[in-house]
There are 2 protein chains.
Amino acid sequence: MKELLQKARAASRQLAALNTAQKNAALLEIARQLQEPENVRLILAENKKDTDAAEQSGITAALLDRLTLTEARLAAIADSVREVAELPDPVGQGETFTRPNGLKIINTRVPMGVVAVIYEARPNVTVDTAALCLKSGNSAVLRGSSSAINSNRAITAIMRKALAAVGLPQDAVCFIDDISRETTRELMTARGLIDLLLPRGGRGLINFVCENSTVPVIQTGAGVCHVYVDKSADIEMAADLVFNAKCSRPSVCNAAETLLVHRDIAAQALPVIAARLLEKNTELRGCPETLGILPRAVPATEEDWSTEYGDYILSVRVVGSLDEAVSHIARYSTGHSEAIVTRDYASASEFTERVDSACVYVNASTRFTDGGEFGFGSEIGISTQKLHVRGPVGLRHLVTNKYIVLGSGQVR
Amino acid sequence: MKELLQKARAASRQLAALNTAQKNAALLEIARQLQEPENVRLILAENKKDTDAAEQSGITAALLDRLTLTEARLAAIADSVREVAELPDPVGQGETFTRPNGLKIINTRVPMGVVAVIYEARPNVTVDTAALCLKSGNSAVLRGSSSAINSNRAITAIMRKALAAVGLPQDAVCFIDDISRETTRELMTARGLIDLLLPRGGRGLINFVCENSTVPVIQTGAGVCHVYVDKSADIEMAADLVFNAKCSRPSVCNAAETLLVHRDIAAQALPVIAARLLEKNTELRGCPETLGILPRAVPATEEDWSTEYGDYILSVRVVGSLDEAVSHIARYSTGHSEAIVTRDYASASEFTERVDSACVYVNASTRFTDGGEFGFGSEIGISTQKLHVRGPVGLRHLVTNKYIVLGSGQVR
């Protein structure tokens, strides 16, 4: 492991010296090779090994679908690499200031160095991550899941071949083939060899990485998102937003899990919202007051308020005030995304000021918390920690700063 | 511990809602109370307990001096609080952009929340840290060393009294009175309760915190800084810069520990530089080639190249090229500060591009790596990690971002 990481470090020094045109050329070559017929055949054959094994192990249909590659999906993956090539280079921009003693200080953005990612089943993450790291001048160290090991190995080999074809170091993309607990632990504790470790996956993986890493980590992902319907809300808008936040894609982290409704509007609003949610047969788990308004709802337990369902299930609570809504969110939210539906200026202001989450919405769906939707291009996760950055982590965030100080003999 | 941190969290919610005038009023009240005659007497009496105990335990004169408070030092500490009040408020600034669907996204700077600091002997850190946290809207959780426990306890009590006097929550400044290994471990693993943990002290403390924390940490401090004298260097300037970098204050992290000299200039430059260093009786530990030029030097061991002496000792190596200098730095540097002395444009460019440290100087002393010297005001440490920020960590860095998204019913 140490040797692999040292190779990645050495490659990162070469990457840091590349200009944008050189990095884009490498990205386009990766995209091209991922669509070469021979490579496509190879990847799909290796992917079949993974999906066969997964089927035998009795995986769910949804997970099997995420694992499966097709020619069309490979084309989409290659296109996403081309999109990264089109994004602005985050390296080399900066600010300059001059001190009274004449020192000129240039604060410039530079690559992190070595970025390691531990992720779960989807093989497209292998390519996405490598592309974002390459464009930001970082070496990528990829540790996927055992269920996608054959697909990931094949894809990585092709990306490394593409790097070599354009004269770049293959170790800019490193793949950890030995997916044991021991290598994972070595990865998480490789202080000085890894500049950033990102977990991409479910809450279990994220907690495991955060609790066991001694290298810098960005905590991503888990989202218990709330929509609060204020007493002044437009009820039709509330129904649209709640339906979209819950039902447009329940499995993702920016989907809503809890609906909070002001008591003054609950009797009017809840039936309208519930009718919309019924379109997707959404299960409602309510507080006692909700149950009085919506007979179809089942009682919510304390555990419900902190559960990320990832499914057509929504917990519902009636609150007496905006303050009560804010307190509920402070207690149960994972700090990802929350929305208020309101027509009142003071309520909108108070909610956006007091709710301490990465993204706080007024009259919009929580589903917009996404690198693409924010205009950042593809993302490597949604940060729910405060260090470095909160919200969508895109290309622009995979850099650090370096102060270049130009003097003429100044001493202190 | 959990209860203390929850109180700090609750206080941080109140702090986040304060405007700049309110925070400045609290800082000025803290400064005023730190100079009230009654409080001065109290603090100095408590400080005497610490210094008496330290003397009995046979502490060095330098450490005893760092621990000792006087009325004049308290006045200087109070003045530094007043300086923090004068710094611009880092909270509330931001950028705004509008998406094609009309969503207006405001990326605004907000407080981190709860910032914990583990630090060593100097009691002034107690006040500095609290002042920076308060101005940035964060609750401060202070865990000092046992050698300053009486001083720190007294100072904290007075700061809390000052907070109460201006109507702010006392728990904005929390003090950990039980300095056991157990409470330290609880602090380092309080995920969800601490947003940032900063170690301020020697390398041992920093490593201990980085290796045992599960909360986000900024690695600070340790500095094995290099000065490289290029073959084109102005030798007089080189002597001035090396002397300043090594001798102006050898105990600090931005002092130079290693001098690298290009072979083509070594025979000329080294005697001039050595003569300057002799003014402070600086011990030189050289590579074989250095020993041939400077008979007064002693042989350097492998360990010397990665040692932060903190004293009038300098390791010296002759290198054959700028490339060799850059490689030496890549291998042994802690990524803090490095300088090149050169008259050559290409050498300056290559050095600043290839050296991957927080601060890279051309023709200036490494001693400028400092929040005050950079114009950031007082600092909480020098970051040598890449996540969040590198270099001096000042008030402006003790914040995170929050996206406030204003819509009119947008769904995805």
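What to note about this one:
- The radius of gyration of the Cα set in the protein assembly as shown, together with its Dmax, comes out at 28.5, 93 angstrom.
- All-pairs Cα distance distribution in the range A:1-136, expressed in whole percent, bin size 10 Å: 10, 30, 30, 18, 7, 3, 1, 0
- Label spacing, shortest first and in nm, from A:A75 to its equivalents in the remaining copies (7 angstrom along Cα→Cβ): 8.0
- Enclosed volume per residue, in Å³, of the convex hull spanned by Cα atoms of the range B:180-252: 112 Å³
- Calculated label separations, A:R296, copies of the chain, 7 Å along the beta-carbon direction, nm: 9.0
- Charge context of B:V117, other residues only, Cβ under 9 angstrom, K/R +1, D/E -1: +2
- Which of A:G286, A:T352, A:F376, positive extreme of dipole for chain A (C-beta unit charges): A:F376
- Footprinting exposure proxy for B:S57, A:S333 (fewest neighbouring C-beta atoms within 10 Å first): B:S57, A:S333
- All-pairs alpha carbon distance profile, chain A, 20 Å steps from 0, percent: 25, 48, 25, 2
- Rounded to the nearest 20 debye, the dipole size of the protein assembly as shown about its Cα centre is 240 debye, using +1 on the Cβ of Lys and Arg and -1 on the Cβ of Asp and Glu.
- Between the listed residues A:P100, A:V389, A:A21, the Cα displaced farthest toward the positive end of the dipole of chain A, a dipole computed from Cβ unit charges relative to the Cα centre, is found at A:P100.
- Taking Cα centre as origin and charging only the Cβ of basic (Lys, Arg, +1) and acidic (Asp, Glu, -1) residues, the dipole magnitude of the range A:225-368 rounds to 320 debye.
- Cα-Cα separations in the range B:79-191 greater than 17 Å, expressed as whole percent: 61 percent
- Dividing the mean sequence gap of close Cα pairs (under 8 Å, 6+ apart) by how many residues chain B holds gives a relative contact order of 18 percent.
- Magnitude of the charge dipole for chain B, about its Cα centre and with charges confined to Cβ atoms of Lys, Arg (+1) and Asp, Glu (-1), is about 1540 debye.
- Summed side-chain charge close to A:E373 - residues other than A:E373 whose Cβ falls under 9 Å, Lys, Arg +1, Asp, Glu -1: +2
- Summed over qualifying helices (DSSP H, 4 residues or more, each -39500 (n - 2.57)) and divided by its residue number, chain B shows a 222 nm mean residue ellipticity of -13500 deg cm²/dmol.
- Percent of C-alpha pairs per 10 Å bin, the range B:155-291, short to long: 10, 26, 20, 17, 16, 10, 1
- Listed by Cβ neighbour count within 10 Å, with the fewest neighbours leading, B:D128, A:D323 appear as A:D323, B:D128.
- Counting only alpha carbon atoms, the long axis of helix B:263-278 and the longest principal axis of chain B meet at about 60°.
- Placing a label point 7 Å from Cα along the Cα-to-Cβ axis, A:D177 is separated from the same position in the other copies by 6.0 nm, shortest listed first.
- Tensor-based shape of the range B:223-348 (alpha-carbon gyration tensor, a/c under 1.5 rounded, otherwise prolate or oblate): rounded
- For a straight C-alpha distance cut-off of 28 angstrom, the lysines reachable from B:K280 (same-chain residues fewer than eight places away being disregarded) are B:K231, B:K246.
- The alpha carbon gyration tensor of the range A:277-412 gives principal lengths a ≥ b ≥ c with a/c of 1.5 or higher and a/b greater than b/c, which makes the shape prolate.
- Within the listed set A:I194, A:I206, A:I179, the residue fluctuating most in the Gaussian network model of chain A (springs between alpha-carbon atoms under 10 angstrom) is A:I179.
- Debye equation applied to the C-alpha atoms of the range A:1-47, log10 I(q)/I(0) at 0.23, 0.31 Å⁻¹: -0.83, -0.95
- A:L395 sits among other residues whose Cβ lies under 9 Å from its own Cβ, and their net charge, with Lys and Arg +1 and Asp and Glu -1, is 0.
- Beta carbon of chain A nearest to the axis of the rotation taking A to B, residue and angstrom distance: A:H388, 2
- Global geometry of the range B:104-167, whether rounded, prolate or oblate, following the gyration tensor of its Cα atoms and the 1.5 cut on a/c: oblate
- q = 0.13 Å⁻¹: log10 I(q)/I(0) that the Debye formula gives for the range A:252-313, counting C-alpha atoms only: -0.33
A short reminder: the numbers here are calculations on the coordinates, not readings from a lab. Quantities reported herein were computed from a predicted structural model and do not represent experimental measurements. In this analysis, Cβ positions are derived from the backbone assuming ideal geometry, glycine residues included, and neighbour counts consider all displayed protein chains.
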